Amino acid sequence: MKISIKAAAKINLLLDLTAILENGYHSIYTVMQSVGIFDTVTVETNESGKISLTCSDKEMPLNNKNTAWKAAELFFDYVKKPVSGVNIHIEKVIPSQAGMAGGSADAAAVIKALDILFETSLTDDDLFRIGEKVGADVPFCIAGGTRLCLNKGEVMAKLPDFPECYIVVAKPDQGVSTKEAYNNFDSSDWIRHPDNEGFLFAATQQNFDVMCKKAANVFEQVVEVSDRVKIKAIMRNNNAKFAMMTGSGAAVFGVFEKQNDAKACYNELAKTYSDIFITEPTKKALFIEE
């Protein structure tokens with residue numbers, strides 16, 4: 001049996017770090033949004049009794065260091081079944097080290113695919129619990145849409161859908177180490193925190209203009225990304241409602257009300273950058289292909 005799932009990338013419309021937890025993790029306050037940039041994950045059962053992994057990106061590890069592999073191991077552990085033979089293939093589109101949760105999206109797709117293939121009928125909470133063990137962003141990458149995510153990211157609340165708009169994403173050649181980004185935050189003497197409550201209230205009221213004014217990412221204060229200022233300037237010059245980095249970087253996105261503005265921005269950025277996308281918000285994260 002075989003199943004293919006398109007797994008959506010995410011952007012952070014708001015991202016703040018509010019505390020360090022006892023376990024050493026940072027407590028985050030973020031609003032995540034699924035966008036229509038997809039990896040395609042295909043999972044097929046076999047008789048080998050082993051997990052195997054292939055990927056279109058030759059730089060990806062093909063062992064238990066890969067989040068998709070980890071997701072498969074943790075799925076079988078959670079449902080208390082011996083590891084069955086499965087082959088996982090990932091067609092990568094979401095750029096790595098971009099702050100767009102590409103690895104988490106792949107893991108989310110594997111968990112969902114295995115639940116379907118092995119007819120385990122897990123609840124969403126079950127899927128989230130497995131995902132949380134893989135990585136902090138995986139529960140969101142299972143749920144998708146527009147959500148407030150707290151603590152490590154596993155505490156989620158659904159928000160009204162982000163208004164229809166057009167999103168241009170550009171990633172410079174530079175990647176960003178998430179660990180290094182958090183270390184930079186911890187060593188910073190002073191951080192200007194976003195108006196989290198103001199953004200959240202605007203989101204609940206579907207006040208697009210106020211959301212755009214209050215969107216912010218604290219990592220922009222501590223992570224140096226080449227060309228970020230240049231990319232944001234091009235986005236603003238093409239009438240972006242706002243432009244900022246997603247996650248700990250390095251991708252930058254701009255939100256546009258008009259498709260023509262988004263296309264003009266895309267065309268200008270495409271002259272310089274190869275990792276460039278024009279997309280829209282999605283209301284879920286995982287799409288099963290027929």
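The values are calculated or read from the model by the stated rules, or taken from the named source; none is laboratory data. Note that this is a predicted model, so its numbers are computed, not measured. Counting neighbours? That spans all protein chains shown, and the Cβs are built from the backbone with ideal geometry, glycine included.
Quick check: is even one residue across region 161-169 touching a strand residue (DSSP E or B) at 6+ places or on another chain (Cβ under 8 Å) and farther than 18 Å from residue 257 by Cα? Checking region 161-169: not a single residue is touching a strand residue (DSSP E or B) at 6+ places or on another chain (Cβ under 8 Å) and farther than 18 Å from residue 257 by Cα. From the list 142, 111, 130, the one residue that fits, being within 11 Å of the chain's Cα centre (by Cα) and of a type in the set (Val, Ile, Thr), is 142. Taking the condition closer than 20 Å to residue 131 by Cα, crowded, with 18+ Cβ neighbours inside 10 Å and among the hydroxyl-bearing types (Ser, Thr, Tyr), does residue 29 pass? Yes: the conditions hold for residue 29.
Taken over region 40-60, the criterion of being farther than 20 Å from residue 289 by Cα and loosely packed, with under 13 Cβ neighbours inside 10 Å is satisfied by 47, 48, 49, 50, 58, 59.
Note on region 30-46: residues that are touching a helix residue (DSSP H, G or I) at 6+ places or on another chain (Cβ under 7 Å) and more than 20 Å from residue 285 (Cβ to Cβ) total 1. Only a single criterion out of (1) surrounded by fewer than 24 Cβ atoms within 10 Å (Cβ to Cβ); (2) closer than 26 Å to residue 252 by Cβ is not satisfied by residue 14, namely (1).
Residue-wise test of (1) farther than 19 Å from residue 95 by Cβ; (2) at pLDDT 95 or above; (3) out of contact with any His (no Cβ under 7 Å at 6 or more places or on another chain); (4) not polar (S, T, N, Q).
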residue: 226; (1), (2), (3), (4): no, no, yes, no
residue: 250; (1), (2), (3), (4): no, no, yes, yes
residue: 264; (1), (2), (3), (4): yes, yes, yes, yes
residue: 278; (1), (2), (3), (4): no, yes, yes, yes
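For residue 269, the conditions (1) in contact (Cβ under 8 Å) with a residue 60 or more places away in the chain; (2) touching a helix residue (DSSP H, G or I) at 6+ places or on another chain (Cβ under 8 Å); (3) closer than 19 Å to residue 12 by Cβ all hold with the exception of (3). Scanning region 267-290 for residues that are in a strand (DSSP E or B) and of a type in the set (Val, Ile, Thr) gives 276, 278, 279, 288.
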